[in-house]
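Chemist: I'd like to ask some things about the structure below.
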């Protein structure tokens with residue numbers, strides 16, 4: 001092959017590569033709104049699943065109309081007026097990028113391995129006849145290989161677990177990945193978050209649970225289970241939703 005032919009072939013490869021790059025980039029940009037819509041839809045499904053309002057069928061958007069989304073100030077548990085922080089527009093994880101809307105956790109505080117904690121959080125309320133029926137709270141924390149993202153639904157007494165879901169993680173399939181198994185998640189139903197001293201007492205244990213504060217563990221997934229324990233104790237403690245739940249415990253309206 002002479003030099004001119006080699007140069008022409010090289011130019012053709014470069015042009016083809018550039019065209020492919022433009023097409024891939026264009027497709028990524030064009031699909032981004034659809035991907036974001038699918039992500040939000042999946043989150044709504046998991047919120048509904050945790051609250052036992054979705055069993056795999058039905059119009060998710062229609063079912064979600066019974067859920068009221070609000071923003072709370074984690075420091076004191078108070079609701080934030082929508083004119084201050086609009087729940088429909090609030091990017092909770094995105095707020096971690098700003099020092100104005102998040103804070104660095106100390107080593108002693110950071111039992112869930114978060115690094116930073118947002119100042120505001122979304123909460124999801126389900127009411128019946130104007131009275132509080134269920135509260136669904138977003139939780140997250142480090143497992144063995146990844147950050148675990150999920151939702152915990154509580155009954156109106158703000159201590160009894162109705163359901164739990166984990167919708168995103170990178171744990172080992174068949175081991176830590178069992179946190180997304182509906183059968184394992186069902187074991188959380190009816191468990192109590194707080195003991196008589198109003199301290200977070202819920203715990204995943206090795207073997208079988210022996211009381212209302214314990215959940216069966218997954219064999220061979222000790223570190224992932226430890227991560228679940230840590231995130232539950234963080235988010236239901238004083239640096240998570242503890243102030244919010246304490247403020248409204250005993251109230252039937254929010």
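The values are calculated or read from the model by the stated rules, or taken from the named source; none is laboratory data. The shown structure was predicted, so the numbers you read here are calculated from the model rather than taken from an experiment. Neighbour counts run over all protein chains shown; Cβ positions are idealised from the backbone, glycine included.
Chemist: Could you tell me whether residue 76 is touching a helix residue (DSSP H, G or I) at 6+ places or on another chain (Cβ under 8 Å) and exposed (fewer than 12 other Cβ atoms within 10 Å of the Cβ)?
Modeler: Working: touching a helix residue (DSSP H, G or I) at 6+ places or on another chain (Cβ under 8 Å): yes; exposed (fewer than 12 other Cβ atoms within 10 Å of the Cβ): yes.
Criteria met by residue 76.
Chemist: Select from the stretch 187-222 the residues that are surrounded by fewer than 16 Cβ atoms within 10 Å (Cβ to Cβ), outside any loop (DSSP other than H, G, I, E, B) and either touching a residue at least 40 places away in the same chain (Cβ under 8 Å) or touching a strand residue (DSSP E or B) at 6+ places or on another chain (Cβ under 6 Å) (or both) and list them in ascending order.
Modeler: 205
Chemist: So residue 62 clears everything in (1) touching a residue at least 40 places away in the same chain (Cβ under 8 Å); (2) in a helix (DSSP H, G or I) except one condition, right? Which one?
Modeler: So residue 62 meets the others, but not (1).
Chemist: Okay, moving on. Within the stretch 111-124, how many residues turn out to be in contact (Cβ under 8 Å) with a residue 60 or more places away in the chain and outside any strand (DSSP E or B)? If you could, list the steps in order and put the result at the bottom.
Modeler: Initial filter on the stretch 111-124 (in contact (Cβ under 8 Å) with a residue 60 or more places away in the chain): 111-114, 117, 121, 123-124.
Then drop every residue that is not outside any strand (DSSP E or B), which leaves 111-114.
Number of matching residues: 4.
Chemist: In the stretch 81-104, which residue that is without any contact (Cβ under 8 Å) to a residue 24 or more places away in the chain and touching a strand residue (DSSP E or B) at 6+ places or on another chain (Cβ under 7 Å) is farthest from residue 71 (Cα to Cα)?
Modeler: 104
Chemist: Taking residue 171, is it assigned to a helix (DSSP H, G or I) and surrounded by 15 or more Cβ atoms within 10 Å (Cβ to Cβ)? Talk me through it step by step, then tell me what you get.
Modeler: On the way: assigned to a helix (DSSP H, G or I): no; surrounded by 15 or more Cβ atoms within 10 Å (Cβ to Cβ): yes.
Here the answer is no, as residue 171 does not meet what is asked.
Chemist: Let me ask something else about it. Could we say that residue 227 is outside any helix (DSSP H, G or I), in contact with a strand residue (DSSP E or B) (Cβ under 9 Å, 6 or more places away or on another chain), buried (at least 20 other Cβ atoms within 10 Å of the Cβ) and touching a residue at least 60 places away in the same chain (Cβ under 8 Å) here? Give the steps one after another, and end with the answer.
Modeler: Working: outside any helix (DSSP H, G or I): no; in contact with a strand residue (DSSP E or B) (Cβ under 9 Å, 6 or more places away or on another chain): yes; buried (at least 20 other Cβ atoms within 10 Å of the Cβ): yes; touching a residue at least 60 places away in the same chain (Cβ under 8 Å): yes.
For residue 227, the condition - outside any helix (DSSP H, G or I), in contact with a strand residue (DSSP E or B) (Cβ under 9 Å, 6 or more places away or on another chain), buried (at least 20 other Cβ atoms within 10 Å of the Cβ) and touching a residue at least 60 places away in the same chain (Cβ under 8 Å) - is not met.
Chemist: Scan the stretch 126-142 and give yes if some residue there is modelled with pLDDT of 95 or more and not in a strand (DSSP E or B), otherwise no.
Modeler: No, the conditions are met nowhere in the stretch 126-142.
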